[in-house]
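Below is one structure, written out as structure tokens, with a few remarks after it.
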Amino acid sequence: MRFQLPSRSVRSIVRPLEPLTHPRLKMPQSSFFAKSVPFEQIDKLAISGGYSSIFASSQPSVPVVGNWEQRFCRLADTFQPILDRVYDFEVREDDVWIVTLPKCGTTWMQELAWLVINECDFETAKSVDLTHRSPFLEFNGVVPNVPHDTIAAANELPSPRLIKSHLPAWMLPRQIWSKRPKIIYVYRNPKDAAISYFHHWRGMVGYQGTKSDFMHSFIDGYVNFTPCWPHILDFWQLRHEPNIFFTSYERMKGQLGQVIAEVAQFLERTLSQEQIQQMQRHLSFESMRDNPACNHVKEFESMKAAAGREVEEFRFVRRGVVGSHKDELTADIIREFDLWSDSNLRDFKLNMDDFANYSKFASL
């Protein structure tokens with residue numbers, strides 16, 4: 001498997017906040033080790049328990065941007081018991097994986113890919129919850145108190161499986177990089193993703209802080225699965241690999257029919273024009289919002305029960321707007337986001353339009 005790695009330094013992208021000599025927390029004989037995040041850096045995020053930066057214990061089997069020893073992923077400590085179970089998960093060659101940062105069109109792409117794989121079975125798509133058809137592999141790290149074991153559920157699914165993860169490339173199951181199942185990665189403008197994540201954090205986690213504080217926590221990489229840009233760039237550098245499909249929320253909004261056709265080509269499935277049109281109707285914002293099989297109502301209820309407290313009512317499928325940050329963020333915060341993105345991308349001579357407009361099959 002050949003990868004093209006950037007030749008220049010990416011220290012500014014990784015933004016290493018920790019020294020290279022890390023005190024290793026208790027993850028004995030693990031593929032990872034953790035460094036605890038000081039509470040004052042996360043006290044406004046309404047996180048129960050601790051929060052850590054997770055590092056690889058040895059060089060990952062997939063190339064990453066920057067120095068792998070400095071790469072980390074910020075996660076609540078509830079993830080630590082399941083990280084090795086995820087890393088050692090038995091991958092099948094005919095799996096299809098949906099990988100994104102949170103709030104980047106993950107559910108939308110799951111439903112799209114599931115329909116392509118399952119010959120447009122709209123009846124099942126409307127009657128069987130998407131979380132059962134396409135499990136969120138590390139969900140028990142998000143909510144450890146729910147009785148449903150998502151890793152075991154994914155193991156038991158018949159092939160071909162459709163599996164969702166928000167983890168960066170180097171924390172995904174190690175067999176992914178040897179068995180090479182198909183992976184669909186969805187990018188979204190981080191400003192829009194951060195706004196959606198803010199509302200998610202209020203509804204799902206119970207965050208009661210300010211929008212400004214949350215945006216700064218997102219930029220600084222203090223919410224689950226961040227830092228953001230290294231996560232994206234790992235998959236951007238893999239976009240030409242035959243088992244990687246890199247697309248964007250923006251293209252799904254503006255060219256949904258085209259993206260459906262591209263996903264079908266990538267997954268080696270055939271769709272008629274009539275099926276594509278049916279899928280477009282099924283995948284419209286209004287249809288997704290009102291479909292209880294994919295609007296995460298059951299997931300929200302399980303999280304409320306596990307939390308043991310009331311959180312505000314919440315729509316997982318909320319606005320579905322490209323550019324939603326423009327009427328929800330101040331000009332100063334938008335400027336901070338833009339400067340942050342530029343500092344992370346300038347060494348690569350990239351801008352956000354490159355990610356938003358990229359098509360693996362531009363000639364389709």
From the Cα centre of the range 327-364 to that of the range 40-72, the distance in Å is 23
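Expressed in nm to one decimal, what extension gain is obtained for the pair Arg289 and His240 from 0.36 nm per residue of sequence separation less their Cα-Cα distance?
14.3 nm
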Sequence order, the range 82-93: Karplus ³J(HN,Hα) from phi using 6.51 cos²θ - 1.76 cosθ + 1.60, θ = phi - 60°, Hz rounded, Gly and Pro as x, gives 10, 5, 6, 4, 5, 4, 9, 4, 6, 8, 10, 5
Residue-ordered couplings for the range 170-179, obtained by feeding phi - 60° into the Karplus form 6.51 cos²θ - 1.76 cosθ + 1.60 and rounding to whole Hz (Gly and Pro as x), are 6, 9, 5, x, 4, 5, 4, 8, 10, 7
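Given R₀ = 41 Å, what would the calculated FRET efficiency be for Ser61 paired with Ser127, taking r from the Cβ atoms and rounding to 0.05?
Values: r = 39 Å, r/R0 = 0.95.
Here the calculated transfer efficiency is 0.55.
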Low-density loop GluC sites (Glu not before Pro), the range 73-126, at most 16 other Cβ within 10 Å, DSSP non-H/G/I/E/B, are Glu90, Glu93, Glu119
Taking a ≥ b ≥ c as the square roots of the Cα gyration tensor eigenvalues, with a/c under 1.5 meaning rounded and otherwise prolate when a/b beats b/c or oblate if not, the range 90-357 comes out rounded
Heads up, the range 161-282 by the C-alpha gyration tensor (a ≥ b ≥ c square roots of eigenvalues; a/c under 1.5 rounded, else a/b over b/c prolate, else oblate) looks oblate
Quick note on Phe136, Phe33, ordering by fewest other C-beta atoms within 10 Å, gives Phe33, Phe136
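Computed from the coordinates by the stated procedures, all read-outs in this text should not be read as laboratory data. Being a predicted model, the structure only gives us computed values, none of them experimental. Cβ atoms come from the backbone with ideal geometry, glycine included; neighbour counts cover every protein chain shown.
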